[in-house]
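Notes to accompany the following structure.
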Amino acid sequence: PDLLPACNGEITTMSFLQDVVDILLQYVVKSFDRSTKVIDFHYPNELLQEYNWELADQPQTLEEILLNCRTTLKYAIKTGHPRYFNQLSTGLDMVGLAADWLTSAANTNMFTYEIAPVFVLLEYVTLRKMREMVGWPGGCGDGIFSPGGAISNMYAMLIARFKMFPEVKEKGMAAIPRLVAFTSEHSHFSVKKGAAALGIGTDSVILIRCDERGKMIPSDLERRILEAKQKGFVPFLVSATAGTTVYGAFDPLIAIADICKKYKIWMHVDGAWGGGLLMSRKHKWKLNGVERANSVTWNPHKMMGVPLQCSALLVREEGLMQSCNQMHASYLFQQDKHYDLSYDTGDKALQCGRHVDVFKLWLMWRAKGTTGFEAQIDKCLELAEYLYNKIKNREGYEMVFDGKPQHTNVCFWYIPPSLRSMEDNEERMSRLMKVAPVIKARMMEYGTTMVSYQPLGDKVNFFRMVISNPAATHQDIDFLIDEIERLGQDL
């Protein structure tokens, strides 16, 4: 009650915010301190019982509010910690953090130039630059920042469907033939999720076989397209993946583009994880052919380390998003405004309220330059290769697939001493399946590091080590290997 806009609230407000900033700055410093835990793990019921989290009728004091801030950060996962490898989005960038603070203070909505002039212009500039890097002439086309890769992929499906059957916007699915989409069996689950949300149905998403490295097999794609057409279905989208979630595989985009051209199908590239490689002269060949896509998803909040959330959908054809999504709300998008209406971008979004996600990326890009992002990305890929070289012939490790990783995903089994001399049979498999979950649970209880694991197809639980944190070093990789061995010796 004593804070602004209360009268004479300035002094109290300043000291309160100063205290909050101090708490945040301590947390930032701790995030990079290797002697602190990545996580102070408690089971959900313990955390619920240990503190009073309930909402009350009466206000609390500012001291208690500051305590709430401290407690929340005490149990937060330090995603910027050099030994946090759990997700595709890691790291804590200082300029990105500053930009996030500024964005929150400005507290505006992305729908019109009228209320977000600078942010709208920065989105325009940044998306154009990203389209240039995809390889579209002069950065032509369109795009939008969305709440994450899953939504960006859904936009692509929405626009591809509209391009082929514009009447679907008014008449719905009943007015058009049965559509089918194609994506690899290793692609992200969001492709099916989008199909479910758009009324296309998950059964209409046809999964294409992958080779042993996790890349889509083009001949299988062509076979399944012909099969679908024979059944009277209409193929409307192929979603190729540049950097699959588990293996970090890059689908052969040129071959896929040829097939899409031949059968007149919209080509989408889900580069949520691998799109960042376009910043690197050394690695961008892995996305050769991306310039032939009709749309591309690219998440700077993954490989580029921009604070969450920051996901872009890029579309090659200008004006398509607008005609697909616009509803002409007259209280937002008045046609008689005194400035160029093309900067009122809100009507091409699915959302009405849209968070400002661009400023973090734009400010980081200013601070690092393209070369800074390049150095950061090259370093992460070099660390992944270092890990691969270290464990590929090491006793107790088995690689999930042969050959050095294309991205920073390194997939492996840790084989405890008790399983090393066992023959490869059902019993060994069922025992191996339990190894990674136990090691992961111990990592979290000790709080020393975090790496994710999963089964895939006929392969039992294996570790998927990913590196996107520029703070990580060779010593952190060494630490991780020692830690897995320490925690798994007795299994």
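Among the listed pairs Lys169/Lys368; Lys30/Lys193; Lys404/Lys440, a Cα-Cα separation exceeding 31 Å is found for Lys169/Lys368; Lys30/Lys193.
Among the listed values (1) 27.5; (2) 32.0; (3) 26.3, the one matching mean projected area of the Cα convex hull in nm² as calculated from this structure is (1). Of the trypsin sites (Lys or Arg not before Pro) found in region 309-416, the ones in coil according to DSSP and having at most 13 other Cβ atoms within 10 Å of their Cβ are Lys337, Arg394. Treating cross-link reach as a plain straight distance, find the aspartates and glutamates whose alpha-carbon is under 18 Å from the alpha-carbon of Lys231, omitting any fewer than eight places away in the same chain. Candidates past the 8-residue exclusion: Asp203, Asp220, Glu222. For region 108-354, relative contact order (Cα pairs under 8 Å, six or more residues apart, normalised by length) works out to 25 percent.
Using the Karplus relation 6.51 cos²θ - 1.76 cosθ + 1.60 with θ = phi - 60°, the per-residue 3J(HN,Hα) values for region 153-165 come to 5, 5, 4, 4, 5, 4, 6, 4, 5, 5, 4, 7, 9 Hz, with x marking Gly and Pro. Note: relative contact order over the chain, using C-alpha pairs below 8 Å and six or more positions apart, is 20 percent. Accessible area per residue was computed with a 1.4 Å probe on protein heavy atoms; Trp101 scores about 110 Å². Normalised by the number of residues in region 163-216, the average gap of Cα pairs under 8 Å and 6 or more apart makes the relative contact order 36 percent.
Taking the Cα centre of region 108-354 as the origin, how large is its charge dipole in debye, to the nearest 20, when only Lys and Arg (+1) and Asp and Glu (-1) carry charge on their Cβ atoms? Dipole size: approximately 660 debye. The alpha-carbon of Lys78 sits under 19 angstrom from the alpha-carbons of these aspartates and glutamates, leaving out residues fewer than 8 places away in its chain: Asp22, Asp33, Asp40, Asp93, Asp100, Glu445, Asp476, Glu483.
Under the combined filter of DSSP loop state and at most 13 neighbouring Cβ atoms within 10 Å, region 408-491 retains these GluC sites (Glu not before Pro): Glu423. Of all beta bridges that DSSP places with both ends in region 108-354, some 40 percent have antiparallel geometry.
I need the Kirkwood Rh of region 108-354: take the reciprocal of the average 1/r across all distinct C-alpha pairs and report it in angstrom. Evaluated on region 108-354, it is 18.4 Å.
Sparsely packed loop sites in region 1-76 (the GluC sites (Glu not before Pro) outside DSSP H, G, I, E and B with at most 15 other Cβ atoms within 10 Å) comprise Glu54. The string of couplings for region 257-266 from the Karplus curve (6.51, -1.76, 1.60, θ = phi - 60°) is 4, 4, 5, 4, 5, 4, 9, 6, 10, 4 Hz, one whole number per residue in order, with x for Gly and Pro.
Against the empirical 2.2 N^0.38 Å (N residues), region 1-66 has a Cα radius of gyration ratio of 1.50. Calculated mean residue ellipticity at 222 nm for the chain: -13500 deg cm²/dmol, from DSSP H runs with n ≥ 4 weighted as -39500 (n - 2.57), summed, divided by the residue count and rounded to 500.
Report the antiparallel proportion of the DSSP beta bridges in the chain as a percent, rounded to a multiple of 5.
Bridges in the chain that DSSP calls antiparallel: roughly 50 percent.
Quick note on region 187-272: its Rg to Rh ratio, both from C-alpha atoms and Rh being the Kirkwood radius, is 0.94. Placing +1 on the Cβ of every Lys and Arg and -1 on the Cβ of every Asp and Glu, with no other charges, gives the chain a dipole of roughly 1780 debye about its Cα centre. The solvent-accessible area of Ile217, taken with every protein chain present and a 1.4 Å probe, is close to 40 Å². By a 1.4 Å probe calculation restricted to protein chains, Tyr43 has an accessible surface near 110 Å², given to the nearest 10. Per q in 0.16 1/Å, what log10 I(q)/I(0) does a Debye calculation on the alpha-carbon atoms of region 381-486 return? So the normalised log intensities work out to -0.70.
Summarising the overall dimensions of region 126-192 from its C-alpha atoms, the Rg and Dmax are 14.5, 39 angstrom.
Pairs Lys37/Lys379; Lys163/Lys348; Lys192/Lys261; Lys264/Lys302: which are spaced more than 26 Å apart, C-alpha to C-alpha? From Lys37/Lys379; Lys163/Lys348; Lys192/Lys261; Lys264/Lys302, over 26 Å: Lys264/Lys302.
The values are calculated or read from the model by the stated rules, or taken from the named source; none is laboratory data. Keep in mind that what you see is a predicted model, and the values were worked out from it rather than measured. Methodologically, a virtual Cβ is constructed for each residue, glycine included, from the backbone with ideal geometry; neighbour enumeration extends over all protein chains shown. Ligands, DNA and RNA are stripped out before the accessible areas are found, and what is left, the full protein with its side chains, is counted by its heavy atoms. Shrake-Rupley method; radii C 1.70, N 1.55, O 1.52, S 1.80 Å.
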